[in-house]
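Visitor: If you scroll down you'll find the structure; I have some questions about it.
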Amino acid sequence: RFTDEKHLLVQVSLPKLIYGISIFDIDARFLPLIASKLKDVLAEIKIGVSEQAIFTAIIQRVDYSKILKISPSYGSTAAIIRALSEHDRKQSSDFNRVSYHHGKDGFYLKFYNSSQGFVIYDKFEEICANGSTLVEREIKQHYAQGKLQRGALRLELSLQLKQTVEATLRRFYPDKKKDFTLEEALRSDISQALLLRTFEQIYIQGYGGLVY
């Protein structure tokens, strides 16, 4: 949609844009492919944009995520989420609300406040409930047939306001104050550092190894 200033706002899952499913990691190495794919998608709805404009697009919101493969020896993904839901959370966390849910899209545990959220959930269950792409439908079929031996635990940090994005990314770009670009936000070390920091703020140090 267009803002009052006539800027185009685009919200897109970059892994799904590239792969048709959001279970793979994306970082700055994918920028040329991201720009090419997004340019083509926008052209389909009669919106012309250059690849350079995509490289330098100003980030208004960003979601960082990581999927952890869960070996059967650790139990089910749902069992891990249930265990985390019962564990004491650190008071140093930035989040003041917590929600634990078990519904048609599986288990998820959500921590949030007015500007950001952190969710832990079963990615395969979410795909089974909401997946619509060809790749997702194939995964749903394999999952229903018991062919997927490992679980998929997803950690996702959402920075929902531009001010929150800027305050967060300034830690990695001390000489810049605002208007961070897609290229800057996609640095691979940023995602890992933020997910680990957030997880360790919420849980005691002993759980921190889960995100390595």
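The values are calculated or read from the model by the stated rules, or taken from the named source; none is laboratory data. Everything numeric in this text was worked out from a predicted model, so none of it was measured. Note: ideal-geometry Cβ built from the backbone for every residue, glycine included; neighbour counts use all protein chains shown. These accessible areas exclude ligands, DNA and RNA; they are computed on the full protein's heavy atoms, side chains included. Shrake-Rupley method; radii C 1.70, N 1.55, O 1.52, S 1.80 Å.
Visitor: Only one of SER99, SER85, SER73 is surrounded by 15 or more Cβ atoms within 10 Å (Cβ to Cβ) and modelled with pLDDT under 90. Can you tell me which?
Guide: One residue alone meets the criteria, SER85.
Visitor: A further question follows. Just to confirm my filter: which helices (runs of 4 or more DSSP H) fall fully inside the stretch 100-212 and include at least 3 residues that are more than 24 Å from TYR19 (Cα to Cα)?
Guide: The qualifying helices (runs of 4 or more DSSP H) are 162-169, 188-202.
Visitor: Can you list residue pairs whose Cβ atoms sit under 6 Å apart, with the first residue in the stretch 68-84 being touching a residue at least 24 places away in the same chain (Cβ under 8 Å) and the second being part of a loop (DSSP other than H, G, I, E, B)? Count only pairs 6 or more apart in sequence or on different chains.
Guide: Close Cβ pairs (under 6 Å, with a partner that is part of a loop (DSSP other than H, G, I, E, B)) amount to LYS69/ARG150; ILE70/ARG150.
Visitor: Now, a different point. Out of LYS66, LYS104, which single residue is open to solvent by 70 Å² or more (accessible area, probe 1.4 Å) and modelled with pLDDT of 85 or more?
Guide: Result of the check over LYS66, LYS104: LYS66.
Residue-wise test of (1) among the aliphatic types (A, V, I, L, M); (2) under 14 Å from the mean Cα position of the chain (by Cα); (3) buried (at least 17 other Cβ atoms within 10 Å of the Cβ).
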| residue | (1), (2), (3) |
| --- | --- |
| LYS110 | no, yes, yes |
| GLY131 | no, no, yes |
| ILE139 | yes, no, yes |
| HIS142 | no, no, no |
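Visitor: Only one residue in LEU196, LEU186, LEU157 is under 14 Å from the mean Cα position of the chain (by Cα) and open to solvent by less than 20 Å² (accessible area, probe 1.4 Å). Which one?
Guide: LEU157
Visitor: If SER36 passes every condition in (1) in a helix (DSSP H, G or I); (2) polar (S, T, N, Q); (3) closer than 30 Å to THR198 by Cα; (4) open to solvent by less than 80 Å² (accessible area, probe 1.4 Å) but one, which one does it miss?
Guide: (3)
Visitor: I want to confirm something. Restricting to the stretch 69-88 and keeping residues that are of a type in the set (D, E, K, R) and in a loop (DSSP other than H, G, I, E, B), which single residue is farthest from GLY151 (Cα to Cα)?
Guide: ASP88
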